[in-house]
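Following: one structure in structure tokens, then a few remarks.
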Amino acid sequence: MAILAIAAVQLLAAPRAAAQGAPDPCAQAPTPGESEVTLLSEGVERTATLFVPPASAGQRLPLLVGLHGAGGKFFQPYSGFSVLAEAEGFIALYPDPLDSYEGRTFWNLDEAAGGPQDVQFISELLDYVEASLCVNSSRVYAAGVSNGGGMAAILACQLSDRFAAIASIAGGYADLPPCQPTNPVSVVEVHGTADAVVPYNGKPPDGAGAVLPWLAAWRARDGCQGPAAVSRIAPRVERFEWSDCADGTTVEHIEIFGGGHQLPGGLPPDPGQTSTVSAPWLVWSFLRQHSQAG
């Protein structure tokens, strides 16, 4: 695996622009394959895995940020997004949470209480990748599972000028900070009704983090009007779509009846998985339709 390193993030150019005098990243075809990115954020060495598909010079590629769930750095093989990236022609970037945060590996969803500033780290990663590769900056997406789904939700709130759409799969929403996006962001949420880790109806006794109120809040932020279009897309799976929203954004929910805390269609399949859909494919099919609002 190749190592791409920089001395400090401050050496990067302004966001979404190559450094003055640096080669134009669109002038030549990128080197396809997997590599490791290492950078300093808040004086701490942070890492990410980068997958680049074959592309021609000048071809601006969408970028998907894949976010691990709590407990490890597993989302790349589990989601199969790199396989999709090669087939569909997008860049996949998998940032790593810090191992040392309270002795566990997970994203810090409450930065106001201290701990790693993960939103800043991911923003700096975007700066680096957009300055290094020919990225379509209007088609930058995030997708995560469980704790990573909560992190994707935070990115939609705090970096709404960077992300066109996000996906949360079995995401946890009970402990998210206040959300005040500056731009509308398209959102797709995938959740099993029998999820015992982040319950569909929220944590008792008050239902904190329940899926339907979280979706209603995003519909309000995106200015969605009217009822959802509802369709049965597979056995025990329904899609709810609100498409009459600001600046062409969409809010979508995929409800898996009896589904547990898992990524349907993950590799290898979770024990006891009964879903008949592939969440990674459904998520990408949603994300790829959207460009940056405005």
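Please treat every number below as a calculation from the coordinates, not as lab data. Everything quoted here is computed from the prediction, not taken from an experiment. Virtual Cβ from ideal backbone geometry, glycine too; neighbours counted across all protein chains shown.
What is the magnitude of the charge dipole of the stretch 142-244 about its Cα centre, with +1 placed on the Cβ of each Lys and Arg, -1 on the Cβ of each Asp and Glu, and no other charges, expressed in debye to the nearest 20?
In total the dipole reaches around 120 debye.
Considering only C-alpha atoms, what is the centroid distance from the stretch 142-197 to the stretch 206-272, in Å?
Value for the Cα centre distance between the two parts: 11 Å.
Using only the Cα atoms of the stretch 135-294, what are the Rg and Dmax in Å?
Taking only Cα atoms of the stretch 135-294, I get Rg and Dmax of 14.6, 45 Å.
When ranked by the protection proxy of mean other Cβ atoms within 10 Å per residue, highest first, what sequence do the peptides 64-72, 24-32 form?
Highest to lowest by the protection proxy: 64-72, 24-32.
With helices defined as uninterrupted DSSP H runs, which ones in the chain have an alpha carbon span along their own long axis of at least 20 Å and mean Kyte-Doolittle hydropathy of at least -0.5?
Going by DSSP H runs, the hits are 118-132.
If you put +1 on each Lys and Arg Cβ and -1 on each Asp and Glu Cβ, how big is the dipole of the chain around its Cα centre, in Debye rounded to 20?
500 debye
Could you give the spread of the C-alpha atoms of the stretch 24-78 along their three principal axes, from largest to smallest, in whole angstroms?
38, 30, 16
What is the ratio of the Cα radius of gyration of the stretch 66-222 to 2.2 N^0.38 Å, with N the residue count, to two decimals?
Taking the Cα Rg and dividing by 2.2 N^0.38 Å, one obtains 1.01.
Where does each of 90-99, 213-222 land if you order them by average Cβ count within 10 Å, highest first?
With the highest mean Cβ count within 10 Å placed first, the list reads 90-99, 213-222.
For a bin width of 10 Å, list the pair-distance distribution of the chain built from all Cα-Cα distances, rounded to whole %.
Bin by bin from 0 Å, the calculated values are 7, 29, 37, 21, 5, 0.
To the nearest 500 deg cm²/dmol, what mean residue ellipticity at 222 nm is calculated for the chain from DSSP H runs of n ≥ 4 alone, each contributing -39,500 (n - 2.57), summed and divided by the residues?
Result for the chain: -6000 deg cm²/dmol, rounded to the nearest 500.
Binning at 10 angstrom from zero up to the longest distance, how are the C-alpha pair distances of the stretch 41-152 distributed in percent?
14, 47, 30, 8, 1
Antiparallel as a % of all DSSP beta bridges within the chain, to the nearest 5?
For the chain, the DSSP antiparallel bridge percentage is about 45.
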